[in-house]
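Here the structure comes first, spelled out in structure tokens, and everything after it is commentary.
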Amino acid sequence: MSQEQTQASTLSHDDIPPPGESSILRISARTAVILLWYCIAFTALMAATYFATKPAIEASAAAEKLQMINAVLSSDRYDNELLKDTISLPATAALGTDDSTTLYRARKNGEASALILEAVAPDGYSGKIRLILAVKANGELAAVRVTEHKETPGLGDYIDPKKDRNKTRPWITQFNDVGFEQIPVTEFKVKKDGGRIDQMSGATISPRAVTNAVRRALEWTLPRREALFALPAGQTLEEKP
Amino acid sequence: MSTYREITANGLWKQNSILAQVLGMCPTLAVTTNFTNAFSLGLATAFVMGMSNGAVSLLRAFIPYEIRIPVFILIIAALVTIVDLSMNAWTHDLYLILGIFIPLIVTNCIVLARVEAFAAKNPALKSTWDGFIMGFGLALVLGVLGLAREFVGQGTLFSGIEVVIPGLHGIQVLPEDYSFLLGILPPGAFILLGFMIAIRNWLDARATAAKAAAARISPEPQAG
């Protein structure tokens, strides 16, 4: 009896009770709940921002796509809703793509005008070079642009007209309005490889990669032009092996 | 208690996050290829730092000590996400350039450092000011470094400013076909940053020497 009393009194004299197992659990649980509340509150804040900014972000993504397309095909060459008239292409070795890509179809007054597709040059100086091409219904290229590359700044990056020092006639504009009628497929190479496409001395690898990718993509597109224009929008091109 | 004057002096000079603390080298090397990119990312960081310091200071009574770091990081990450989304929506062209660096603000240790060292112990307004001015000090250094790098690397000043302020244009100082690769690549940033830190240390050493000299002279009339 007396023993119990002394024990109780010593406990009451302690300012902080020794942390028993249950109180550790209690503190942990309390802290976890507080952390959970912080997570919920700030996730809600982020979600609200996401929904508030979504329309503007989608609009600028579409504008960006259209801007890219207008770089290879002037906007007076089509009058359809290009971003909606698309078909999806499976990964294609001839295009260098290892994932499905989107092909846009430009039409003017209901008639086929041009196909806009992506191609990848796998053999750039440092990694892949991504291209966007517009192939006109008559089989000529309208234009080609580089959309993504890691070529050496100041050396091989002139494949991108923004980096090309020659502002009046950037290197990549050699592909404007040419097809295999103007440059036969056997000569559709850089001059160093015995072809007819100019390159700057000292940096041959990047333009060679681009030129070969453009040739392969054009070779792939030409025999399929009608089929690509005929496919209903939103479908995937299926090829018989 | 530090005054606003002290906070400002610390952020801009005495404890400048890059020149004195040498924190946040990732954005320092990555985005300072020209003034516009560098200063814009600096301002975005300053904005995030002001907000995160303010938010943490307001909530500091409700943040248990044991889990303060996760909560700080949660707050900073949420604010960075909000800045990221807002920039993507409303300043899209700038976002295309800085986009990949905005999430990196989270990893910039100076943000967490100010939250932990200042905002967790000081009132909200002072904390917000401390965060902003620390970030602004960072933006100024990034801006100077960007200006130096684009001048050395491509002979321009303020190139790409039209993305941020429409109507203004960059200046081509050196001939159009001038280019110096070292200025464009990260090693050039390291070298230029080294010069800037050296200049700061030199100025500081001179100021200390002047002060010491003044202290040695001033007691004399009293003694005489």
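The values are calculated or read from the model by the stated rules, or taken from the named source; none is laboratory data. Please read these numbers as outputs of a predicted model, since none were measured by experiment. Note: ideal-geometry Cβ built from the backbone for every residue, glycine included; neighbour counts use all protein chains shown.
Brief remarks follow.
- Members of segment A:26-71 found to be more than 7 Å from chain B (Cβ to nearest Cβ) and hydroxyl-bearing (S, T, Y), listed by number: A:S28, A:T43
- Each residue in segment A:22-36 was checked for being hydrophobic (A, V, I, L, M, F, W, C) and out of contact with any helix residue (DSSP H, G or I) (no Cβ under 9 Å at 6 or more places or on another chain), and 5 of them qualify.
- Filter result for A:E181 (of a type in the set (D, E, K, R), in a loop (DSSP other than H, G, I, E, B), out of contact with any Cys (no Cβ under 8 Å at 6 or more places or on another chain) and under 27 Å from A:A91 (Cα atoms)): no
- Entirely in segment A:103-178, the strands (runs of 3 or more DSSP E) that have 1 or more residues that are within 14 Å of chain B (Cβ to nearest Cβ): A:141-148
- Test for A:D98: is it surrounded by fewer than 22 Cβ atoms within 10 Å (Cβ to Cβ), in the same structural domain as A:E151 (by TED's automatic domain parsing) and without any contact (Cβ under 8 Å) to a residue 60 or more places away in the chain: yes
- Complete set of residues in segment B:178-208 that are under 14 Å from B:G146 (Cα atoms) and either in contact (Cβ under 8 Å) with a residue 60 or more places away in the chain or in contact with a helix residue (DSSP H, G or I) (Cβ under 7 Å, 6 or more places away or on another chain) (or both): B:L182, B:G183, B:I184, B:P186, B:G188, B:A189, B:F190, B:L192, B:L193, B:M196
- Segment A:186-236, residues that are farther than 25 Å from A:E111 by Cα, among the polar types (S, T, N, Q) and crowded, with 16+ Cβ neighbours inside 10 Å: A:Q199, A:T204, A:S206, A:T211, A:N212
- Residue count for segment B:198-221 satisfying the condition of being at pLDDT 85 or above and either at positive phi or β-branched (V, I, T) (or both): 2.
- Single residue of B:F180, B:F118 found to be aromatic (F, W, Y) and more than 14 Å from chain A (Cβ to nearest Cβ): B:F118
- Inside segment A:65-87, residues that are basic (K, R), surrounded by 12 or more Cβ atoms within 10 Å (Cβ to Cβ) and within 25 Å of B:H92 (Cα to Cα) make up a count of 1.
- Matching option when the condition is exposed (fewer than 13 other Cβ atoms within 10 Å of the Cβ), out of contact with any Cys (no Cβ under 6 Å at 6 or more places or on another chain), among the aliphatic types (A, V, I, L, M) and assigned by TED's automatic domain parsing to the domain that holds A:G139, among A:A62, A:A106, A:A93, A:A114: A:A93
- Test: residue in segment B:46-58 that is facing chain A (nearest Cβ under 10 Å), more than 29 Å from A:A59 (Cα to Cα) and crowded, with 18+ Cβ neighbours inside 10 Å: yes
- Going through (1) in contact (Cβ under 8 Å) with a residue 12 or more places away in the chain; (2) more than 10 Å from every other protein chain (Cβ to nearest Cβ) one by one, B:I75 falls short only on (2).
- Set side by side, the residues A:I27, A:I40, A:I16, A:I34 differ, and just one is at pLDDT 90 or above, over 30 Å from B:H92 (Cα atoms) and of a type outside the set (S, T, Y), which is A:I34.
- For segment B:98-111, the tally of residues that are within 11 Å of B:G24 (Cα to Cα), in contact with a helix residue (DSSP H, G or I) (Cβ under 9 Å, 6 or more places away or on another chain) and part of a helix (DSSP H, G or I) stands at 6.
- Of the residues examined, A:A93 is not one that is of a type in the set (G, A, S) and either in contact with a His (Cβ under 7 Å, 6 or more places away or on another chain) or outside any loop (DSSP other than H, G, I, E, B) (or both).
- Residue match in segment B:152-166 (condition: without any contact (Cβ under 8 Å) to a residue 24 or more places away in the chain and outside any helix (DSSP H, G or I)): yes
- Among the criteria (1) among the small types (G, A, S); (2) more than 14 Å from chain B (Cβ to nearest Cβ); (3) without any contact (Cβ under 8 Å) to a residue 24 or more places away in the chain, the one A:A233 does not fulfil is (3).
- Residue in segment A:129-140 that is over 19 Å from A:E219 (Cα atoms) and either over 14 Å from the mean Cα position of the chain (by Cα) or not hydroxyl-bearing (S, T, Y) (or both) present: no
- If you go through segment B:158-192 and keep only what is among the hydrophobic types (A, V, I, L, M, F, W, C) and surrounded by fewer than 17 Cβ atoms within 10 Å (Cβ to Cβ), you end up with B:I165, B:L168, B:I171, B:V173, B:L174, B:F180, B:L181, B:L182, B:F190, B:I191.
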